[in-house]
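Here's the structure we're looking at; comments come further down.
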Amino acid sequence: MMESYLQEFGEVKAKHSSEETLQKWRNLCSVVKNPKRRFRFTANITKRSEAAAMRRTNQEKLRIAVLVSKAAFQFIQGVQPSDYVVPREVTDAGFQICADELGSIVEGHDVKKLTFHGGVAGIAEKLSTSVKDGLNTESDLQTRRQEIYGINKFTESEQRGFWIFVWEALQDMTLMILGVCAFVSLIVGIATEGWPIGAHDGLGIVASILLVVLVTATSDYRQSLQFKDLDKEKKKIDIQVTRNGYRQKMSIYDLLPGDIVHLSIGDQVPADGLFVSGFSVLIDESSLTGESEPIMVTAENPFLLSGTKVQDGSGKMMVTTVGMRTQWGKLMATLSEGGDDETPLQVKLNGVATIIGKIGLFFAVVTFAVMVQGLFSHKLSEGTHWSWTGDDARQMLEYFAIAVTIVVVAVPEGLPLAVTLSLAFAMKKMMNDKALVRHLAACETMGSATNICSDKTGTLTTNRMTVVKSCICMNVKEVSKPSEASSLFSDLPESAKKLLLQSIFNNTGGDVVVNKEGKHEILGTPTDTALLEFGLSLGGNFQTERQASKLVKVEPFNSTKKRMGVILELPEGGLRAHTKGASEIVLASCEKVINTNGEIVPLDEASINHLKVTIEQFACEALRTLCLAYVELENGFSPQNPIPVSGYTCIGIVGIKDPVRPGVKESVAICRSAGIVVRMVTGDNINTAKAIARECGILTDDGIAIEGPEFREKNQEELLSLIPKIQVMARSSPLDKHTLVKHLRTTFDEVVAVTGDGTNDAPALHEADIGLAMGIAGTEVAKESADVLILDDNFSTIVTVAKWGRSVYINIQKFVQFQLTVNIVALIVNFSSACLTG
């Protein structure tokens, strides 16, 4: 009966349920005692569609503004803008441009105004900042800057007070009926029996109503505070900023106009601003303008809008407009959050509550009818059925109160809310265990997970990388100690030394900066950090190398190409391209190699075999291998063209150690005993992946390790027999991960949790039943697509999330058992006592 009832409104999924399905089951549950309370923490479908309509309007307005400004660009070159007058309060504060003028330049993509103010450098001067050193917050301009330009925070809906929850608890239909009963009972009682004896019944009902209302309101209020705390955690975003002359990590809410922000792939642009410098910066503005085509940001088109995402490249921007003055801030203000979709468990329990509600209502009506019939029979036998006294009226009122009480005790209105409470409790506990739940349904879905597809780097390993072995100029050496690194360097020919340091310090997304204490600090991804540390241990100087040659083009690393490249303009003239990346991929694009004497020789079969054996040897020791190579660009190069992918000369190979996290092996064993299959999906070399997988206990004797390109070539039939056995997938592309997840979910009907950190992982995180994004290494794009953030990037935390997911089910099972026992007993006792004595 229950199943057929639930199937009436279609299956509500844990993710991406259609609005039609949500509306359908709501209509079935439309007769509830207190809809405001029952549906408080679930999606407000009407508001959601209103918000979508508003967003469409805003996007259209903004899109037209951008297109008009681009079209007008050709006609305004020679036109001088009308004279801009700086408001008095702005000049008094020490600035030369006001917030509205800055807003109109970026929002309107106004090249004319930008040129009038002297370009990016001119605006930096007017904002009393430096594009090199950023803001100087030690001066007294800090507070005046906030007063003139505002802070980078959006208007939030006010926290609802306790009395609003009391008022909402009073909206309960049955409580209102009981309130009327209490009022009538008081009047009739006092009229017939006088004060205070006649008021006992009425006051008893009032006291019980107050008790129910206060308990309900307190529980709801405390829960709303919990959700508020979790919401704050969800919105925490840190970004790299140059301030007071050094680079530092900072919350986006502390940004001020004039700050210099460093952007890289996957970051969200934290405020409106202007592009200062960078390479191949591709911006996805779809969240704001609805345009699916990414925009290339350059010195000619330097406008960056808050809320957009960096799809490719890296660069620096200067913040111009913050908070509610940005287009994103205005958009956020007009949109009201639609709330979370209902979870499958909430829907099922809503169904249960509705069915029991109908049964309770039926019994209440029958009880009332039986008791009224009893009274009527009694009066008929006495012949007084035409004369009704105050006592008879009280008797009828008492019968009505009993019937209403049956509805109150029989309808388990708290049942669907029990899920929300249990999930909220689990969310709070998970927060303490370093997991931030972004979507409520993820808690319960994680409890039924049967597969975890995990990344290797940073999740199963510590993400603290060091170069421990190298093969430079065909010589394999240990370099884990500084003395070993310096002896390696002294043995290298002079030309090879120069090329090696040039490659390490220029072909990197990292940076070596001086911190507050005046010490050198290495910033960047763990791989970049490991290589830069290796370069410094060889005796290299980062700043000297960077200043020696000019960067012409940078292609940042991404998981599809599995390589990074730069073009340098050399001091002696000429251009040189450097590349680094997955060893076998970079080695395949090499034609020459530097030999032990520092001479450049063609790559013959013996050399290729030596390098391949070295890569395999490093990988079997669980080291990540990177190949460094360069090519002289004798025919010149246009920055519009991609960096060449062939004709390189191999400088060498480095082996990077990334130790397995403590406790991972035990966590994998726990998963296996709990019936959860753990698979490793990594972009690394297959031998490295197998070595780590064996160490973690993921790869067993009957399991298969496969490479992405091989997996891609399999047909549907082969995949059916292969996928259940796959335990390791190496050299995988984001699309391979997505395909694996899709097959596991659809073909094999598994509940899949997937971890991801890069921008390209977003499709797989979206496709999975539970997307787990890394809190430390994860990009903003990945975090936005995820259901749970693993704040410490640790695999053991994922296992903890699964444990809490299962505990949610156990808690709700116990509550349902208790609630239904109480309801059914109360129903039977009330009904039988009323009817039998009646």
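Table for the structure above
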item	result
Selection within the stretch 198-218 - surrounded by fewer than 15 Cβ atoms within 10 Å (Cβ to Cβ) and under 28 Å from Gln159 (Cα atoms)	Leu210, Leu211, Leu214, Val215, Thr218
Inter-residue pairs, beta-carbon under 6 Å, first open to solvent by 30 Å² or more (accessible area, probe 1.4 Å) and in the stretch 493-511, second not charged (D, E, K, R), 6+ apart	Ser495/Gly598; Gly509/Gly524; Gly509/Pro556; Asp511/Leu523
Hits in the stretch 167-187 (condition: over 10 Å from Gly202 (Cα atoms) and among the hydroxyl-bearing types (Ser, Thr, Tyr))	Thr174
Subset tally (residues that are touching a strand residue (DSSP E or B) at 6+ places or on another chain (Cβ under 6 Å) and not in a strand (DSSP E or B)) for the stretch 573-584	1
Wholly within the stretch 250-369, strands (runs of 3 or more DSSP E) carrying at least 2 residues that are polar (S, T, N, Q), at pLDDT 85 or above and more than 27 Å from Ser638 (Cβ to Cβ)	309-321
Some residue of the stretch 551-565 being modelled with pLDDT of 90 or more, touching a His at 6+ places or on another chain (Cβ under 7 Å) and within 26 Å of Thr779 (Cα to Cα)	yes
Qualifying positions in the stretch 647-660 - open to solvent by 20 Å² or more (accessible area, probe 1.4 Å) and modelled with pLDDT under 90	Pro659, Val660
Considering residues of the stretch 758-781 that are touching a Ser or Thr at 6+ places or on another chain (Cβ under 7 Å) and modelled with pLDDT under 80 only, the residue most open to solvent (accessible area, probe 1.4 Å)	Asn760
Residue that is modelled with the highest pLDDT, among those in the stretch 101-155 that are outside any helix (DSSP H, G or I), under 19 Å from Arg325 (Cα atoms) and open to solvent by 50 Å² or more (accessible area, probe 1.4 Å)	Ile151
Answer residue from the stretch 425-443, given it is assigned to a helix (DSSP H, G or I) and surrounded by 20 or more Cβ atoms within 10 Å (Cβ to Cβ) and is modelled with the highest pLDDT among those	Met430
Residues located in the stretch 480-503, provided they are at pLDDT 85 or above and in a loop (DSSP other than H, G, I, E, B)	Leu492, Pro493
Of residues in the stretch 559-583 being more than 39 Å from the chain's Cα centre (by Cα) and on the phi > 0 side of the Ramachandran plot, the one surrounded by the most Cβ atoms within 10 Å (Cβ to Cβ)	Gly574
Scan of the stretch 584-597 for residues that are of a type outside the set (Val, Ile, Thr) and surrounded by fewer than 15 Cβ atoms within 10 Å (Cβ to Cβ), ordered by number	Ala588, Glu591, Asn597
Counted residues, the stretch 639-664 - those being over 29 Å from Met680 (Cβ atoms) and part of a loop (DSSP other than H, G, I, E, B)	8
Residue identified as of a type in the set (A, V, I, L, M, F, W, C) and more than 29 Å from the chain's Cα centre (by Cα) among Ala669, Ala753, Ala691, Ala730	Ala691
Breaking point among (1) within 25 Å of Ala802 (Cα to Cα); (2) among the charged types (D, E, K, R); (3) in contact with a helix residue (DSSP H, G or I) (Cβ under 8 Å, 6 or more places away or on another chain), for Glu707	(1)
Residue list for the stretch 239-249, restricted to those being assigned to a strand (DSSP E or B) and not polar (S, T, N, Q)	Ile239, Val241, Arg243, Tyr246, Arg247, Lys249
The stretch 699-753, subset polar (S, T, N, Q) and under 18 Å from Ala768 (Cα atoms), residue modelled with the highest pLDDT	Gln727
Some residue of the stretch 626-638 being hydrophobic (A, V, I, L, M, F, W, C), open to solvent by 30 Å² or more (accessible area, probe 1.4 Å) and part of a loop (DSSP other than H, G, I, E, B)	yes
In the stretch 448-478, the residues that are open to solvent by 10 Å² or more (accessible area, probe 1.4 Å), in contact (Cβ under 8 Å) with a residue 60 or more places away in the chain and more than 22 Å from Ala777 (Cα to Cα)	Ser448, Thr450, Val468, Lys469, Met474, Asn475, Val476
Members of the stretch 171-221 found to be in contact with an Asp or Glu (Cβ under 7 Å, 6 or more places away or on another chain) and among the β-branched types (Val, Ile, Thr), listed by number	Thr192
Filter result for Ile798 (among the β-branched types (Val, Ile, Thr) and either in the same structural domain as Asp312 (by the TED database) or closer than 30 Å to Gln311 by Cα (or both))	yes
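For every residue, the table says whether it meets (1) assigned by the TED database to the domain that holds Ile504; (2) surrounded by 21 or more Cβ atoms within 10 Å (Cβ to Cβ).
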position	(1), (2)
Glu599	yes, no
Lys612	yes, no
Phe618	yes, yes
Ser667	no, yes
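The values are calculated or read from the model by the stated rules, or taken from the named source; none is laboratory data. Fair warning: this is a prediction, and the values are worked out from it, not measured in the lab. So basically every Cβ, Gly included, is an ideal-geometry build from the backbone, and we count neighbours across all protein chains shown. What goes into the accessible areas is simple: the full protein's heavy atoms, side chains included, and nothing from ligands, DNA or RNA. Shrake-Rupley method; radii C 1.70, N 1.55, O 1.52, S 1.80 Å.
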